[in-house]
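S.K.: Before I ask anything, let me first share the structure, which is written out below as structure tokens.
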Amino acid sequence: RLGFGDCEPARFESLRLRFLEIYASRLALETALFEGGAALLEALEAAEVPWGIVTNKPAWLTEPLLEALGLRRRACVVVSGDTLAEKKPHPAPLLL
């Protein structure tokens, strides 16, 4: 909503849907782990420490992104923004 400024409410939904369409088509184009992230995940896996992902991104965007990054099969759990009624920063996704 913030990204579209003060557009009229009737136009907002069409703009939001178009934005999501463009975003989904370019989901992993310039997305990368934070610096040191790959080494951290490798160290956790070498130590047999399970790890997971908690994101506010809805599952229909989370799943293809994780596949593209090669993380989906590595993560022991993925909690997306629509997994629970609450999203981050609420503690429920992390506690799950």
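Yes or no, residue by residue, for (1) part of a loop (DSSP other than H, G, I, E, B); (2) over 14 Å from the mean Cα position of the chain (by Cα); (3) at pLDDT 95 or above:
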{"position": "Arg11", "(1), (2), (3)": "no, yes, no"}
{"position": "Leu15", "(1), (2), (3)": "no, yes, no"}
{"position": "Phe19", "(1), (2), (3)": "no, yes, no"}
{"position": "Ile22", "(1), (2), (3)": "no, yes, yes"}
{"position": "Ala43", "(1), (2), (3)": "no, yes, yes"}
{"position": "Trp60", "(1), (2), (3)": "no, no, yes"}
{"position": "Ala68", "(1), (2), (3)": "no, no, yes"}
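S.K.: Which of the numbered conditions does Trp51 fail, given that it passes all the others? Conditions: (1) under 30 Å from Leu17 (Cα atoms); (2) touching a helix residue (DSSP H, G or I) at 6+ places or on another chain (Cβ under 6 Å).
M.R.: If we test Trp51 against (1) under 30 Å from Leu17 (Cα atoms); (2) touching a helix residue (DSSP H, G or I) at 6+ places or on another chain (Cβ under 6 Å), just (1) comes out false.
S.K.: Across the range 22-56, what is the total count of residues that are at positive phi and small (Gly, Ala, Ser)? Spell out how you get there, then give the answer.
M.R.: Keep residues of the range 22-56 that are at positive phi, which gives 36, 48.
Right, trim to small (Gly, Ala, Ser) and you get 36.
Of the residues in the range 22-56, 1 are at positive phi and small (Gly, Ala, Ser).
S.K.: Restricting the range 61-70 to residues that are without any contact (Cβ under 8 Å) to a residue 24 or more places away in the chain and not acidic (Asp, Glu), which is farthest from Glu21 (Cα to Cα)? Full working, then the answer.
M.R.: Of the residues in the range 61-70, the ones without any contact (Cβ under 8 Å) to a residue 24 or more places away in the chain are 62-63, 66-67, 70.
Next cut, not acidic (Asp, Glu) only: 62, 66, 70.
Working: Thr62: 14, Leu66: 18, Gly70: 22 Å.
Of everything passing the filter in the range 61-70, Gly70 is farthest from Glu21 (Cα to Cα).
S.K.: For the range 11-44, which residues satisfy the criterion of being in contact (Cβ under 8 Å) with a residue 12 or more places away in the chain and open to solvent by 100 Å² or more (accessible area, probe 1.4 Å)?
M.R.: Phe19
S.K.: Scan the range 73-90 and report the pairs whose first residue is of a type in the set (Ser, Thr, Tyr) and whose second residue is assigned to a loop (DSSP other than H, G, I, E, B) and open to solvent by 90 Å² or more (accessible area, probe 1.4 Å), with Cβ atoms within less than 6 Å and a gap of 6+ or a chain change.
M.R.: No pair meets every condition.
S.K.: Of the residues that make up the range 47-67, is at least one of a type in the set (D, E, K, R) and open to solvent by less than 70 Å² (accessible area, probe 1.4 Å)? Before the answer, list the steps.
M.R.: Of the range 47-67, the ones of a type in the set (D, E, K, R) are 48, 57, 63, 67.
Filter once more, keeping what is open to solvent by less than 70 Å² (accessible area, probe 1.4 Å): 57, 63.
There is at least one residue in the range 47-67 that is of a type in the set (D, E, K, R) and open to solvent by less than 70 Å² (accessible area, probe 1.4 Å).
The values are calculated or read from the model by the stated rules, or taken from the named source; none is laboratory data. Being a predicted model, the structure only gives us computed values, none of them experimental. Quick reminder, even Gly has a Cβ in these numbers, built from the backbone with ideal geometry, and neighbours come from all protein chains shown. All accessible areas refer to the heavy atoms of the entire protein, side chains included, with ligands and DNA or RNA removed. Shrake-Rupley method; radii C 1.70, N 1.55, O 1.52, S 1.80 Å.
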